[in-house]
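Asks: Following this message is one structure expressed as structure tokens.
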Amino acid sequence: MSHHSQSGRATGSVLLLVILLSGMGAWNYHRNFRIEKEREGQRPYEGYGVADLDALREAYATDLEVVRAQFDAAKRKRVRPKRDVGSMTDNVAQFQRTARTSSAIRDAAGDVADREGQISELDRELAIRMRFGEGLMRHVKRLTTI
């Protein structure tokens, strides 16, 4: 066998190996991309940088403390209504106070839940970025993770 025919076979084998690896890498990338999208769902903070996410999370955490304090204050204002305070006017006034207090408690509880939801969404986005990486490393992980 001549030197040319041996090098031709080696080149063909290397070329076949490169084509095979490229095809497997493309299939693996596509599979991992689909799995990632299914797990992630909707990501409202996808376009933010990590530093921005950290700053936003810190701001929400600070705001959550304030909102929780407002919630606790609203709960402390709650008083147990008396059965019969005498006149109809007094009963109506008591009902109005109770309704205002209940409304303030509900609003404060909604604010707490909203802030906690935002923080949880930010934590989820940060966890996704930690797990799958960012930028070029995210693409490399998609390509190489089995």
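Asks: List the residues, sorted by chain then number, that are 5 or more residues from Tyr45 or on another chain and whose placed amide H is less than 5 Å from its amide H.
Replies: Here nothing satisfies the definition.
Asks: Turning to a different aspect of this structure: With labels modelled as points extended 7 Å from the Cα through the Cβ direction, what inter-label distance (nm, one decimal) is found for Asp63 paired with Ala10?
Replies: 6.5
Asks: Using a 1.4 Å probe, how large is the accessible area of Lys77, given in Å² and rounded to the nearest 10?
Replies: So the heavy atoms of Lys77 present about 150 Å² to solvent.
Asks: Here is a further query. In the stretch 6-88, if the dipole is taken from +1 on Lys/Arg beta carbons and -1 on Asp/Glu beta carbons about the Cα centre, which of Ala74, Ala51, Leu64 is farthest to the positive end?
Replies: Positive-end residue among those listed: Ala74.
Asks: Quick one: accessible surface of Leu126, probe radius 1.4 Å, all protein chains present, in square angstrom to the nearest 10.
Replies: Per-residue accessible area (Leu126): approximately 30 Å².
Asks: Give, in nm to one decimal, the length gained when the segment between Arg83 and Asp54 is fully stretched (0.36 nm per residue of separation minus the Cα-Cα distance).
Replies: Working: separation 29, 0.36 × 29 = 10.44 nm, distance 5.09 nm.
Value of the extension gain: 5.3 nm.
Asks: Give me the accessible area of Leu56, 1.4 Å probe, in Å² rounded to the nearest 10.
Replies: Number for this one is 50 Å².
The values are calculated or read from the model by the stated rules, or taken from the named source; none is laboratory data. As the structure is a prediction and not an experimental result, all values here were calculated from the model. All Cβ positions, glycine included, derive from the backbone under ideal geometry; neighbour counts span all protein chains shown. When the accessible area is computed, the model is the full protein with side chains, heavy atoms only, and any ligands, DNA or RNA have been set aside. Shrake-Rupley method; radii C 1.70, N 1.55, O 1.52, S 1.80 Å.
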